[in-house]
Structure formats: C-alpha cells, structure tokens
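To start, the structure under review is shown below, and the notes come after it.
FYI, it's all coordinate maths here, none of it is from the lab. In this text the structure is predicted, and so the values were computed from the model without any measurement. Reconstructed Cβ throughout: ideal geometry from the backbone, glycine too, with neighbour counts over all protein chains shown.
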Amino acid sequence: MSTLTLPALTANKLPLDLSEDAFGMLRSSEDLLTDSAALRQRLTEDGYLYIRNFLPKAEVQAGRMSLLNRLAANGCLHPDHPVEAGIAHPENPLFFNPKLANPNPKISRVVFGPELTGFYEGIFGRPIRHFDYIWVRSLGRAVGTPAHCDLVYMGRGTHRLLTCWVPYGEVPLEQSPLMLLENSHLKSDRIKNYLDSDVDTYCENRPEEVKKVKEEGGWSHQGWLSQNCVSLREKFGGRWLTAHFQPGDFLTFQMNMIHASLDNQTDHVRLSTDTRYQSASEPIDDRWIGENPAAHGRAGKRGRIC
Ligand SMILES: O=C(O)CCC(=O)C(=O)O
Ligand SMILES: [Fe+2]
C-alpha cells in the first residue's frame with residue numbers, strides 16, 4: 001500500500017513511521033487452507049497466519065451484538081446512536097473487558113466452534129485444547145495496546161501455544177487493528193530476560209515484590225516490552241504489519257511474536273477477542289483453565305528465589 005493512501009496513525013499516542021521499510025500489510029494465507037503442511041511451514045517462517053473470510057459471518061455478527069448489548073447495558077455506548085453502530089459513550093473510556101465474554105455462549109461459538117477447532121487440529125496435527133479464559137477488548141478512542149509478547153502472561157505450560165485474535169466487525173487502520181513486528185519471532189534471543197519473565201511470579205527474596213504481588217495481588221511487571229512502538233521497531237528492525245480487518249477474519253501467532261495495536265482514532269468501539277490453543281497432550285498453564293480461571297488473581301501468584 002502506498003504511504004500516500006494511509007491515514008496518519010499513532011501507537012501509544014506517538015506517530016508511527018509509515019515509510020515502506022517501517023510499515024506494511026500482513027500476508028494473507030487463506031489460499032493454503034487445504035494444505036496443513038503448507039500452513040505449518042508458513043507459520044514457522046512468518047510467525048503468524050492471517051486468514052481472511054474464514055469464520056461464519058452470522059456467528060461473528062451474533063458475537064458482536066452480544067458484546068454491544070452488554071456494553072449498552074453497562075452504559076458504555078453513546079445513548080443517541082443505535083447499539084449496532086457501536087459508538088462509545090464519550091464519558092466512559094473503554095479498555096480490556098473480560099466480563100463481556102466469561103461466559104458468553106455467542107462468543108464461545110465463534111472462538112471454540114468447529115471452524116477454529118478444525119483449523120488448529122490441522123496446524124498441530126493432533127487433538128487440541130484451548131484455554132477456557134477469553135480475553136475481550138472493547139477499545140474506545142485514543143486507546144491501543146502497548147508492545148508485548150504473550151508468553152509473559154501464559155508461559156507456565158507448553159510454549160507451543162498459539163494466540164487467535166478475532167475482530168467483531170470491520171476494523172480499519174484508524175480503529176486500532178492489531179499489528180505484528182515482522183520477523184520478531186526469529187529474534188527472541190534479544191529479549192530473553194523479558195521472555196523468561198512471568199507477570200504473576202515474584203522474587204521471595206525481594207520484599208518490595210512480595211508486598212506488591214503476593215500481599216497486594218499485583219503484578220511483578222505490566223508485561224509490556226515497550227510503550228514506544230517507533231523506537232522499538234528502530235532497534236529491532238522489521239516492519240509493523242497490520243490489516244484492514246473484516247468480520248470473518250482472524251490472525252494467529254506464536255507466543256514470542258512482538259505485537260501491539262494502533263490507537264483507536266474513532267468513536268467506534270474496537271471489539272475483539274484473543275484466545276489460546278495448544279496440543280491436548282502438552283502441559284497447560286493452569287491460570288487459564290476451568291470454569292472460573294484464576295487468571296492474574298491471587299491463586300495464580302508464585303514465588304521463587306531470584
Ligand atoms: O487486541 C489488542 O489490542 C491486543 C491483543 C493481544 O495482545 C493479543 O491478541 O494477544
Ligand atoms: Fe497479546
């Protein structure tokens with residue numbers, strides 16, 4: 001895409017470098033859908049698969065309405081617009097919002113239904129299971145997600161785990177699409193200490209961490225690799241890759257892939273879920289399973305000697 005046709009985009013409120021060697025579009029892989037071996041190879045090479053037009057649109061739309069109806073019931077949508085338009089209430093900033101889908105049968109139908117289950121069985125080549133917990137984002141104006149890798153939040157089981165990011169509704173570039181840092185999955189040695197960390201693990205021999213994490217139920221660190229996508233990319237190389245997402249699309253990627261989202265520059269709420277899939281026979285991170293997962297709550301805190 002020529003930079004001339006791009007709107008000005010920001011991440012963490014900083015203007016992104018949109019030149020051709022700094023920014024580009026995700027490669028789509030739906031042409032490989034009938035060939036699991038080719039998909040697996042592409043995933044190893046790129047660290048991600050972007051599959052367009054895959055999920056049943058009626059189910060995605062039903063998921064969207066379930067999220068919007070809950071937001072409306074909580075006073076988070078603009079009262080002068082129809083719920084379906086998904087216009088944020090100007091005075092209620094919106095963020096990460098897991099209550100919208102834990103539980104939510106319409107969302108479970110999309111993310112744990114036969115389409116994605118079949119897709120991941122093909123990728124892993126064996127029976128799979130998913131985390132029961134569903135991450136839900138309803139991002140309002142000026143909100144985006146800082147750069148991070150998912151491993152620091154969910155690395156206590158197998159690391160052969162894939163994230164699936166699903167948008168509920170169209171997500172143009174100005175509306176906070178997810179972006180991945182190209183080839184960052186091949187450079188994990190450069191962020192080894194970060195990737196070895198776990199936001200719910202504290203050092204028993206550091207009193208300030210014991211207080212923050214064990215006693216107060218906080219996190220040892222926020223999990224962000226950087227709050228500056230511009231300087232991070234300059235240091236790391238590669239381009240920030242994103243897309244104008246449509247309902248039915250999804251994006252799946254590895255635990256060590258650096259990703260973030262652009263800021264939402266609109267009044268439209270950006271709705272998405274992220275969920276996780278792995279081989280059924282491998283160890284699983286127990287913070288994210290069961291009817292009422294511990295998540296980042298006290299039951300998931302762990303001490304170690306540092
Ligand atoms: O949707 C976002 O802004 C962040 C999503 C994310 O970090 C993920 O899918 O792992
Ligand atoms: Fe993430």
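Rounded to the nearest 0.05, what FRET efficiency do Arg40 and Lys99 give with R0 = 30 Å and r taken as the Cβ-Cβ distance? Could you check?
Working: r = 35 Å, r/R0 = 1.18.
My answer for the efficiency is 0.25.
Remark: relative contact order (region 1-88) = 16 percent; criterion is Cα-Cα distance under 8 angstrom and separation of 6 or more residues. Give a quick list of GluC sites (Glu not before Pro) in region 188-219 that DSSP marks as loop, anything other than H, G, I, E or B, with at most 12 other Cβ atoms within 10 Å. The qualifying sites are Glu216. Distances between placed amide hydrogens fall under 5 Å for Asp150 paired with Met257, all partners being 5 or more residues away or on another chain.
Of the trypsin sites (Lys or Arg not before Pro) found in region 84-177, those that fall in a DSSP loop while having at most 13 other beta-carbon atoms within 10 Å are Arg160. Taking amide hydrogens as placed 1.01 Å from N in the peptide plane, the amide H of His244 sits under 5 Å from that of no residue at least 5 positions away in sequence or on another chain.
Entry note, the chain: the mean residue ellipticity at 222 nm calculated from DSSP H runs of n ≥ 4, each adding -39500 (n - 2.57), is -6000 deg cm²/dmol after division by the residues and rounding to the nearest 500.
Quote the charge dipole size of the chain about the Cα centre in Debye, to the nearest 20; the model charges only the Cβ of Lys and Arg (+1) and of Asp and Glu (-1). List each step's numbers first, then the result.
Values: 34 positive and 37 negative charges, 132 e Å.
About 640 debye.
Extent of region 1-96 along its three principal axes (Cα atoms, max minus min coordinate, largest first): 47, 35, 23 Å.
Please rank Phe131, Phe250, Phe95, fewest neighbouring Cβ atoms within 10 Å first, as an exposure proxy. Walk me through the numbers before you get to the answer.
Working: Phe131 23, Phe250 26, Phe95 10.
By the 10 Å Cβ count, ascending, the order reads Phe95, Phe131, Phe250.
Distances between every pair of Cα atoms in region 205-306, grouped in 10 Å steps from 0 to the bin holding the largest one, split as 10, 28, 34, 25, 3 percent.
Equivalent-ellipsoid semi-axes for region 17-284 (Cα gyration tensor, √(5λ), whole Å, largest first): 26, 24, 21.
Relative contact order, percent, of region 154-306 when contacts are C-alpha pairs under 8 Å separated by at least 6 residues?
Details: 250 pairs, mean separation 75.5, N = 153.
Normalised by residue count, the contact order of region 154-306 is 49 percent.
Tally Lys/Arg at +1 and Asp/Glu at -1 over every other residue whose Cβ is under 14 Å from the Cβ of Met65; what's the total? Walk me through the numbers before you get to the answer.
Values: positive: Lys57, Arg64, Arg70, Lys106, Arg109; negative: Glu59, Glu84.
My count for the surroundings of Met65 gives +3.
A dipole drawn for the chain from +1 and -1 charges on Cβ atoms has a positive end, and of Gln175, Tyr120, Leu241 the residue lying farthest that way is Tyr120. The Cβ shell under 10 Å around Leu178 holds other residues with a net charge of +1, Lys and Arg each +1, Asp and Glu each -1.
The relative contact order of region 128-214, computed from alpha carbon pairs under 8 Å that lie at least 6 residues apart in sequence, is 33 percent.
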